[in-house]
Amino acid sequence: MSQSIFSSPRLQCIFLFLIILLASVLRITNLGKHAIFFDEKSTVLISQAVALEGNNQKDVFYTEGKTTFTPKEFWKPKNIEDFYDAIRRGDIGNSPAYYGVLHLWIEAFGLSDFAIRLLSVFFSCGTIFLLFFFIKEHFKNVKLALAGSLLMAIEPFFIAYSQQARNYSMSFFFALLATHLFLKIVKKENNSGSRILYISYGIVAGICLLSHFLTATVFMAHGFYVLLFVRKWNTWLFLILSLAIGLSAFTFWIKFGGGNYTFDTLSYQAKMYYKIAHSVPNPHAGTIDPATPGIVLKKSLPIFSDLFIVSNGFSSYMTGKKNMILVIFSIMVSLVSLIQYRKTSRNLWLGILLGWNLIASFLYTTGTFQYIELVNCVILCYCFRIFWMNETDPEQRRLLTFMAILAFFPTIFLILFTFKNGHTFGLTQRYSGFSFPYSIIFVALAIFETPKLGKPLQYIVWVLLLVQVFFVGKTIHSIHEDISPKYTYRDKARIRNPHYKIAMDIRKMYQTGDTVIYPSWTEGEYGAYDNYTKDIKKSFLDAQLVNLYLPKDAEFTQTVDAFNPNKVFLKKKDGQKIELFDFKGTTYRY
């Protein structure tokens, strides 16, 4: 299609609508099928101002001589201090903006797993919508904007985190919005209308920092751009003043809100993870390891490769020294062949490129198709080099440099902190997910340069891209089926929310005089990960989670049996005990 076709606003809207529709389907599929996991459980409790293990419900759970409680007591009205306590104990004081928005969302749509995750879907689709206008305005290319939006729609990372009731999707949206506003500011320095941009930028910065602390890496990247390219001191001054708006909100939260224990908790966790990483034997080897150069490199490669949809999943196939040597040699052969082919147009170099990599694909021992996709990535990198060399506009050069900083700095920051902390816990894709919009732009730019390779090679690249779409589709399917260790943290699918099921059974079966008996699971390890719950002797967590789904005015008699770790019973008034559910340790406690 020609650019003139895409110049029609009506057609742009139609294409964008179809992309958003596709994204919505991919994100809503099986949205409520699998039970919420521990982080999501904390999310729901915090949104209702309920502190993990009931620290702000002592009159309900910890009154001496009081052994029973009711849903009506559990749902007693909460105040702002309850919210502060819930967030500091459930999420180290992080993300108050997200929890506030989620609270309002739940008021409107309810507490079902589908409903609470739908907020993440909303922000994820909103990020696609925003990316379209971001690319359209800053790159002046509607086709590129649509291509970038389509790539984001099918990006497994965004699909996975849109299916979690967590702060990530909201953080990604506002981080991209902050960058959009920042670029508008530096492009309109002499425009009086930029005042509203500065104020908006400051407000969005505050939302970002109060959505996830690590959005700070995005603003560090903005600072690098200012240092490299902005020469007007008034712009420096007004950017600092606008960021002061966001920093003021963040500082208030840390000093006087629920973030006042954040740094203490982080310090506690850092020491604990360091101790685990360096213990012999290490019970969490593979997850929490010492931050040696070799281990950090091994854990960083998947983060960098999965950052680009065309290389998604390849790192899991790059194993063994022989394979690594073969890959390095093949990259060299491919680059030399590509350069010579473009210079001379001789089919000899095309033959060397295709012939060698066909042979190498059979020598590669962990996946022929995956090796071929690696070669395609090399070709696409070369295509991006063509774009870079042909781009002579200084403003666009600065923009591309900025995109590169945004694409790579958050992960580099994580790596540096990993070495500082001495352990690898936290070196994970989700903490640098703010980079994805910019890596997507690079991929889209490279794809748009493939016609300059010439028809034979261009068609091969497109066929291989379709093969990669197939592999991406398999990854998305594994996310939907909850069997993706990389994205859903497990290879065995969760059942539907057992706490919700228990609550529904109680509502059906409870009669006056009955008593619901909950288990107390204190053998799990979640309590050790912060200094509030590390020494609990009796856990009320299962009871809290079931009460979330019980009527707020119900007076069902309930109790917790400290000597029963797994089973929920309904004890009838005649003494009969009916088993409602058996958690079987960690089997159904996700």
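Brief remarks follow.
- Using the Karplus relation 6.51 cos²θ - 1.76 cosθ + 1.60 with θ = phi - 60°, the per-residue 3J(HN,Hα) values for segment 478-485 come to 5, 5, 4, 8, 6, 10, 10, x Hz, with x marking Gly and Pro.
- 24 Å Cα-Cα reach of Lys455 towards lysines, excluding residues that sit fewer than 8 places from it in its own chain: Lys143, Lys343
- Based on Cα contacts under 8 Å between residues 6+ apart, segment 48-126 shows a relative contact order of 28 percent.
- FRET efficiency for Ile578 and Asp491, using Cβ-Cβ distance with R0 set to 45 Å, rounded to 0.05: 0.85
- With both labels modelled 7 Å from their Cα along Cα-to-Cβ, the Ile14 to Ile325 distance reads 5.7 nm.
- Given a 1.4 Å probe and the protein chains as shown, Arg507 ends up with an accessible area of around 120 Å².
- Residue-normalised accessible area of the chain, expressed per residue, 1.4 Å probe, Å²: 45 Å²
- Kirkwood Rh, angstrom, the chain [1 / mean 1/r, Cα pairs]: 26.4 Å
- Added length on full extension, which subtracts the Cα-Cα distance from 0.36 nm per residue, Thr344 to Ser7: 117.7 nm
- Mean-position separation - Cα centroids, segment 355-414 and segment 431-486, in angstrom: 11 Å
- Cross-link pairs beyond the 26 Å C-alpha cut-off, checked among Lys537/Lys567; Lys140/Lys486; Lys501/Lys584: Lys140/Lys486
- Rounded to the nearest 10 degrees, the angle from helix 394-421 to the longest Cα principal axis of the chain is 40 degrees.
- Distance in nm between pseudo-label sites at Glu64 and Leu21 (7 Å out along the Cβ direction from Cα): 6.7 nm
- Volume per residue for segment 281-481 equals 140 cubic angstrom (convex hull of Cα atoms).
- Heavy-atom accessible area ranking, 1.4 Å probe, most first, across Tyr590, Tyr62: Tyr62, Tyr590
- Helical contribution to [θ] at 222 nm, DSSP H n ≥ 4, -39,500 (n - 2.57), averaged over the chain, rounded to 500: -20500 deg cm²/dmol
- Calculated FRET value between Arg398 and Ser112, using beta carbons and R₀ = 56 Å, to 0.05: 0.75
- Using the average count of surrounding beta-carbon atoms within 10 Å as a protection proxy, the listed peptides 213-223, 240-250 rank, highest first, as 213-223, 240-250.
- Contour minus Cα-Cα distance for Thr368 and Ile196 (0.36 nm per residue): 56.5 nm
- Computed FRET value (nearest 0.05) for Ala562 with Glu73, which takes r as the C-beta separation and R₀ as 30 Å: 0.95
- Whether segment 498-582 is rounded, prolate or oblate, judged on the alpha carbon gyration tensor where a/c under 1.5 counts as rounded: prolate
- Principal-axis tilt of helix 436-448 within the chain, Cα atoms, nearest 10 degrees: 30 degrees
- For segment 5-121: rounded, prolate or oblate by the Cα gyration tensor [a/c cutoff 1.5]: prolate
- Solvent-accessible area of the chain (1.4 angstrom probe, protein heavy atoms only): carbon and sulfur portion equals 65 percent.
- The angle separating the long axis of helix 80-91 from the principal Cα axis of greatest extent in the chain is about 60 degrees.
- For a straight C-alpha distance cut-off of 18 angstrom, the lysines reachable from Lys573 (same-chain residues fewer than eight places away being disregarded) are Lys508.
- Candidate lysines - alpha carbon under 19 Å from Lys136, same-chain residues fewer than 8 apart omitted: Lys184, Lys187, Lys188
- Global form of segment 294-333, assessed from the alpha-carbon gyration tensor, a/c cut-off 1.5: oblate
The values are calculated or read from the model by the stated rules, or taken from the named source; none is laboratory data. Note that the structure is predicted; figures quoted are calculated from it, not measured. Methodologically, a virtual Cβ is constructed for each residue, glycine included, from the backbone with ideal geometry; neighbour enumeration extends over all protein chains shown. We work out accessible area using only protein heavy atoms, side chains counted, and drop any ligands, DNA or RNA first. Shrake-Rupley method; radii C 1.70, N 1.55, O 1.52, S 1.80 Å.
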